[in-house]
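The values are calculated or read from the model by the stated rules, or taken from the named source; none is laboratory data. Keep in mind that what you see is a predicted model, and the values were worked out from it rather than measured. Virtual Cβ from ideal backbone geometry, glycine too; neighbours counted across all protein chains shown. The area values use the complete protein model at the heavy-atom level, side chains included, leaving out ligands, DNA and RNA. Shrake-Rupley method; radii C 1.70, N 1.55, O 1.52, S 1.80 Å.
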Amino acid sequence: MLPVEDCNRLDKYLKAGYGKRVAIFDIGTRAIRLLVAPKVVATEEWQKSTFCNLGMILNLGDDIDPVTKRIDITSRKLRELLDFLSTLKSILIENGVDETDISAIGTAVFRWTENIDDLLRMIFEHTGIDINVLSAENEAQLTLQAIGFTYPFRHEAEDVKLGEDDIILLLDQGGGSMEVSYMAVNGKTPVKTFTFDGLGTIALRKEFFAYDQAKMDSDGEWVGKQIAYIQQFIAEKINSWDGYPEITGRNLHAYGMGAAITNFLSGSNFSIHNQLIQGDALLHDAGHSV
């Protein structure tokens, strides 16, 4: 059930001005979100109050049957998704947001499912929202373009500048997969994306617990063995990829998305945007987490 305080926060935001608004629902394997923004966004300076960002951890990907690769239309999590969409859409419309300015995107969870058409039809019938399912390539391209646009805002390291020949590198770990993408700052190099299926947070959890129940009950060391297995599983996935040799020697600006990165920082999505995390700090903390 969507918290009442979130509904009140959205209602208060919509009544605060800023003119016409647009709203985008983002339905992922792990989380679902709503972002609301002015239809015309200021390019000089942003305030936290300029946007409204709501979300909840739903873990819809957990409801994909490992055998049939389908999500049952009676799924509790699917019903919670319908409630999230319909409740917030009603608040948007009641506050003057035009229905044509409300859109929705879906990512890996829909690309995984065998009954995607049934799911999309059910969601539309219950909410009136038509979901645009993004390919991994389109998802990465949109994110990279957003990075290029939002880079000037709230960047703490003023001495770090994007040069015309530099490369923006995106590491995006979602619930279902992990994408490694890049584009040139000058726009002269096409966006290139490589997808590691199975390296999303939910996918890895499913893989971790894909262990014979009888062995779990009888083997007191199964947790340690599964950790070692997952580490090997990840290493084999990564080592099988040749990477992007064509950007060797270029100045890279790496951006991270997903809980694996954002968990290193505290604060809202707005306050952690464009903060820097040193590579040695990532390695140090990762070592402690293992």
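Structure summary
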quantity: Proximal charge balance of residue 135 [Cβ under 14 Å; K/R count +1, D/E count -1]; calculated: -3
quantity: Solvent-accessible area per residue, Å², over the stretch 1-44 with all protein chains present [probe radius 1.4 Å]; calculated: 58 Å²
quantity: Spatially proximal lysines relative to residue 188 (Cα-Cα < 21 Å; intrachain offsets below 8 disregarded); calculated: 161
quantity: Virtual spin-label span in nm between residue 42 and residue 194, 7 Å along Cα→Cβ; calculated: 4.2 nm
quantity: For residue 169, distant residues with modelled amide H under 5 Å away; calculated: 253, 254, 255
quantity: Evaluated over the stretch 12-91, the Cα radius of gyration and Dmax, each in Å; calculated: 16.0, 51
quantity: Net charge over other residues, Cβ less than 14 angstrom from the Cβ of residue 249 (K, R count +1; D, E count -1); calculated: -2
quantity: Nearest-0.05 FRET efficiency for residue 263 and residue 93, computed from C-beta distance (R0 35 Å); calculated: 0.50
quantity: Efficiency of FRET from Cβ geometry, residue 24 and residue 69, R₀ 35 Å, rounded to 0.05; calculated: 0.80
quantity: Spacing of the two label points (7 Å from each Cα toward its C-beta) at residue 82 and residue 277, in nm; calculated: 3.7 nm
quantity: Rounded accessible area per residue of the stretch 76-156, 1.4 Å, Å²; calculated: 48 Å²
